[in-house]
Amino acid sequence: MGLSDAELDAVRAIERAGDADDDLTSFFAGADRSRPVREVRVEPFLIARHPLTVAQVRHWLPEYEDDFADSPSATARLGNDVDDLLEALPFRLPSEAEWEYAARAGTTTLTFRGDERPDEDQVVDDFADEERTAAAENAFGLAAMGSANEICADVWIPYFTDAPPDARPRTGDGPRVVRGGAADVHPWQGCDEWLLLLSGIRYEVQDFTAVRPVAPVPAGQGHAERGGDA
């Protein structure tokens, strides 16, 4: 997991081709927060097809209101109420390694679609349209990976310092890690928001976040195809 040299070269190629909206100096300066690349053993797990919607969050938090969503089928974005949801959920957050493994779906490119600059049309934030949701799936059948900023179980630590060799989350005090977020700045303003779709990009949680829950594989179901190295 992590942002590889090949991925950084792919971003440089996008910039050289004139497809970046601005100078990417600040991106490259901060890229070390998503490095170094390391191999992590990820055990089989189950993960939601897409982030929880407003309607799904209201199943556990009936009084939940969302100022960012236009419909009950839109991605729920939680602020201070995220802890209330996590206490009510019968599931858990993905570790950062699990999230990246799920997002990459067996690929090593910028996104699961390849090394090209992601298009704004690839952002999916509302799941009422099943055809559009299906079109946003990766090879694992997971939709909208990278669209919303999704919270992980790990505490934010730059550079993967002292990170475990398996997919266990790093624990401690401080803000959590988030991944993704390209839909949270939609419509795009030409500030290279597409970088938030990259599978290897990570940063610390700020104002609000989405939740894509995970669960263990039920006992007796044998080997799950989700397991592997990230």
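The values are calculated or read from the model by the stated rules, or taken from the named source; none is laboratory data. Since this is a predicted model, take the numbers as computed values, not measurements. As a convention, Cβ positions derive from the backbone with ideal geometry for all residues, glycine included, and neighbour counts pool all protein chains shown. Accessible surface areas use protein heavy atoms only, side chains included; no ligands, DNA or RNA. Shrake-Rupley method; radii C 1.70, N 1.55, O 1.52, S 1.80 Å.
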Next item on the list: Check V37 against each of (1) in contact (Cβ under 8 Å) with a residue 24 or more places away in the chain; (2) surrounded by 15 or more Cβ atoms within 10 Å (Cβ to Cβ); (3) assigned to a helix (DSSP H, G or I) and name the one condition it does not meet.
Entry: (3)
Notebook entry, point to check: If you scan region 1-34, which residues turn out to be charged (D, E, K, R) and open to solvent by less than 50 Å² (accessible area, probe 1.4 Å)?
Noted result: E7
